[in-house]
Every structure is written in C-alpha cells, then in structure tokens.
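In what follows, a single structure is set out as structure tokens and then discussed.
Quick note: the coordinates plus some simple rules give every number you see, no bench work behind them. Keep in mind the model is a prediction, meaning the values are calculated, not measured. Counting neighbours? That spans all protein chains shown, and the Cβs are built from the backbone with ideal geometry, glycine included.
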Amino acid sequence: MNEFDFIRKIREQTRLRGASPDLLRGIGDDAAVFKSAPGSNLVITTDLLIEDIDFRHHTTMPGLLGHKALAVSLSDIAAMGARPRWAMLSLGLQAAIWDSGFADRFYEGFFGLADRYSVKLIGGDVSRAPERTVIDSLVIGECSPDRAVLRSGAKPGDQIYVTGFLGDATAGLRLLERGARLHGSREVLDPTLDDETSEVHPIDRLLLRQLKPEPRVGWGILLGDSQLATAMIDLSDGLSSDLNHLCTESNVGALIDASLIPIDPLVRDVCGRRALDPLMLALHGGEDFELLFTVDPQAAAKLPKRVDGVALTRIGEITTVSSGVQICEGSRVWNLEPGGWEHFKG
C-alpha cells in the first residue's frame with residue numbers, strides 16, 4: 001500500500017463516520033474548506049518537512065528552510081484559489097541544532113515570506129527531537145463562499161494550464177546531490193529578497209528553486225476570485241502524479257503535449273551537460289510548487305499572460321475518463337503514469 005492508497009483508506013473511514021455540517025471539502029484536495037463567518041469560508045492546510053527526507057542541513061541555510069516551510073503551505077492555499085491569512089508553526093529540533101542559533105535564523109526566513117503576503121503567525125510549538133529536525137507548518141486562508149477551487153471541477157474540453165517552468169526544482173536537487181552548493185553572497189541569498197528580480201548566479205537560481213520555492217499566491221487569488229479555473233492543484237509531487245490526482249477527483253482524462261511543457265532554457269543547458277533528461281524532470285520531478293489548473297475554453301481569453309511576473313502556459317486538454325491520462329510527442333501518444341514523489345515507494 002502506497003501513501004495515496006493509505007489516504008484513500010483514511011478518507012473512506014472518515015466518510016463512514018458521518019459528515020460535519022460546517023465542512024465543505026475534506027480529504028482529497030490541497031486543503032480543507034469550512035464555513036466560517038457569513039460571507040467567508042476558511043481554507044486550512046498543513047505540511048511536514050522531515051530532515052533527510054525533505055531537506056538536509058548541510059545543503060541549505062536556516063533562513064531558506066524557514067522560507068520553504070511556509071512556502072509549501074502557501075502553495076496549497078493558492079491551489080484552492082484562497083487568500084492566506086494566518087499560520088501556525090511547530091519545530092522539533094535536536095539539542096545541537098537548537099544551540100547553534102538555528103531557530104532565530106529559521107524564523108527570519110519564515111517571517112520574510114509571511115510579511116510579503118501579510119500572513120500572521122498565531123501559534124505553534126517547539127520541542128526537542130532526538131535524531132532529526134521535524135517542521136510542521138499549518139496555514140489558514142479565506143475565500144468567498146463557493147469560490148474555493150477544487151480538484152474535482154474539470155470537464156472534457158477544458159484547457160490545461162501551468163504557471164512558470166517545470167523541472168527547475170528537481171534540476172536543483174540533482175545538482176545538490178552531485179555536490180553543488182550555494183555560493184552567492186548573503187545579500188543575494190537573503191530570504192527576504194525576491195529571487196525573480198535579484199542578480200543570482202545561474203546555478204544558484206536552480207538551487208534556490210529547490211531550497212527557496214516561490215508559491216504562486218497571486219495566481220491562486222486571481223483564479224479563485226475570478227472563478228476562471230474549473231479545477232486546480234499545486235505541483236508538489238510532479239506533473240505526472242498531480243495531473244493524475246486531479247483527473248481522478250474530476251473523473252476525467254487528459255492529453256498533454258510534450259512540446260508545450262515549459263522548461264527553463266537553463267535546465268536544458270544544465271541537463272545537456274550532465275546527462276539528465278529535461279522532459280523527465282518536468283514530468284516526474286516534484287517541488288516546483290507551480291499551479292496546474294483547468295479552464296473552460298470559452299473563458300481562456302480572459303486569462304492574463306502574467307501575474308507577479310510569472311507566465312502561464314497551456315499544455316493540453318481535458319478528455320473523457322475512458323481516454324485515461326496521456327501525453328503526446330509528435331505522432332506518438334502514450335499513457336502518462338504517475339511517476340512523481342511517493343514517501344513510501346519501495
């Protein structure tokens with residue numbers, strides 16, 4: 001049983017125990033949706049980062065890790081079309097890490113990103129962990145009633161879009177695994193600075209896509225407020241896996257055109273010199289934290305080309321469930337099986 005089978009099992013056990021009248025959407029999306037005050041719904045998500053699974057102390061900096069801890073949860077809120085409001089953060093730290101001053105620098109990165117989106121820290125916990133650092137990030141957002149964008153709204157004929165480039169974060173991870181390290185100045189790597197506009201060494205730029213991801217909060221808010229997206233998910237596990245998740249929830253298929261998938265020219269250059277396949281990184285690499293969403297073709301013309309400087313790319317179309325999830329490259333068509341990250345993959 002993999003983690004997704006386990007989640008489905010827990011979801012069914014939850015369903016059998018009856019529904020909460022205030023719960024609009026529970027297990028199965030990027031975040032849960034609750035009724036709250038009149039005219040507003042709450043959107044709640046949580047994420048774990050575990051040392052040696054999701055990060056390693058010797059390849060990152062405390063401030064970058066604090067940024068990422070919040071970014072991964074902000075991405076979930078964005079994928080629901082909601083606006084982030086509040087956060088809770090819990091840390092489990094080894095004694096030596098605590099004594100190193102890690103926590104202060106970690107929170108510098110956390111607050112740097114939180115301040116950009118007016119997210120307020122309202123609680124959390126700190127404890128000693130015996131062997132590995134554990135980080136638990138919870139974020140609460142808000143959206144108007146019936147404006148949360150679920151994974152289950154895609155229909156055949158809808159156009160499939162993604163924000164930004166795909167494969168950058170995995171390219172950065174492969175570089176880290178092969179010994180690459182950040183070598184920019186602290187001013188360049190400061191978590192409060194915006195990588196999109198700062199002068200950053202090309203290799204550092206890829207490393208930072210892994211170590212300091214930028215959640216697409218602006219795109220999420222626009223797509224939720226405008227109701228342009230019929231379904232949405234954030235790309236945390238990889239395009240192949242997350243597209244399959246969305247299609248499963250919507251009971252549809254999909255056809256992706258490989259030639260349309262946005263791949264950073266820098267990734268193509270780096271991969272070409274290191275015997276890596278850029279398309280495979282884009283399809284199966286995780287942690288890009290871009291948004292994948294579907295739009296009715298009649299509404300597609302209303303989409304802006306960019307939000308917060310981040311571009312949009314149409315990569316395919318939703319099909320009937322009988323067609324399955326497929327990808328084409330020229331005249332060749334094959335099934336796009338989930339090949340992204342799984343925590344318990346044997």
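Under the convention that each Lys and Arg Cβ holds +1 and each Asp and Glu Cβ holds -1, the size of the dipole of segment 6-143 around its Cα centre is about 500 debye.
The antiparallel fraction among DSSP beta bridges confined to segment 159-335 stands at about 85%.
Pick out, in residue order, every one of the trypsin sites (Lys or Arg not before Pro) in segment 150-179 that is DSSP loop and has at most 15 other C-beta atoms within 10 Å; say none if there are none. When the trypsin sites (Lys or Arg not before Pro) of segment 150-179 are filtered for loop state and at most 15 Cβ neighbours within 10 Å, Arg178 remain.
Between the alpha-carbon centers of segment 273-311 and segment 1-41, tell me the distance in whole angstrom. If we compute the Cα centre of each part, the gap is 27 Å.
GNM on the chain, alpha-carbon springs under 10 angstrom: the most fluctuating residue among Ser100, Ser36, Ser241 is Ser100. Measuring between their Cα centroids, segment 70-98 and segment 222-268 lie 23 Å from each other. DSSP bridge analysis restricted to segment 6-143 gives an antiparallel fraction near 70%, rounded to the nearest 5.
Between amide H atoms placed 1.01 Å from N, distances below 5 Å from Thr319 occur with Gly157, Gly253, Ala254, Leu255, all of them 5 or more places distant or on a separate chain.
Residues in segment 310-322 carry Karplus couplings, in order, of 9, 7, 10, 9, 7, 10, x, 9, 6, 10, 6, 4, 5 Hz; the curve used is 6.51 cos²θ - 1.76 cosθ + 1.60 with θ = phi - 60°, and Gly or Pro positions show x. Its Cα centre serving as origin, segment 159-335 has a Cβ charge dipole (Lys and Arg +1, Asp and Glu -1) of approximately 420 debye. Check every DSSP H run in the chain and write down those whose alpha carbon atoms cover 18 angstrom or more along the long axis and whose mean Kyte-Doolittle hydropathy is 0.0 or greater. The qualifying helices are 62-79. Taken about its Cα centre, the chain carries a charge dipole of about 340 debye when Lys and Arg each add +1 at the Cβ and Asp and Glu each add -1 at the Cβ. Most tightly packed first, judged by the mean number of other beta-carbon atoms within 10 Å of their residues, the peptides 308-318, 243-253 read 243-253, 308-318.
Taking the DSSP beta bridges with both ends in the chain, the antiparallel portion is around 80 percent. List the trypsin sites (Lys or Arg not before Pro) within segment 39-118 that fall in a DSSP loop (any state other than H, G, I, E or B) and whose Cβ has at most 15 other Cβ atoms within 10 Å. Here the sparse-neighbourhood loop sites are Arg56. In this structure, the pairs whose alpha-carbon distance is over 25 Å, taken from Lys9/Lys345; Lys68/Lys155; Lys120/Lys345, are Lys68/Lys155; Lys120/Lys345. When the Gaussian network model of the chain links Cα atoms closer than 10 Å, the mean-square fluctuations of Pro215, Pro21, Pro156 top out at Pro21.
With Cα atoms as the point set, segment 1-143 shows a radius of gyration and Dmax of 16.6, 48 Å. Report the residue, chosen from Pro278, Pro130, Pro265, that carries the largest GNM mean-square fluctuation when the chain is represented by alpha-carbon nodes joined by springs under 10 Å. Ranking Pro278, Pro130, Pro265 by mean-square fluctuation puts Pro130 first. Proximity of backbone amide H atoms, modeled 1.01 Å from N, is registered between Leu336 and Val325, Gln326, Ile327 at under 5 Å, excluding neighbours fewer than 5 places apart on the same chain.
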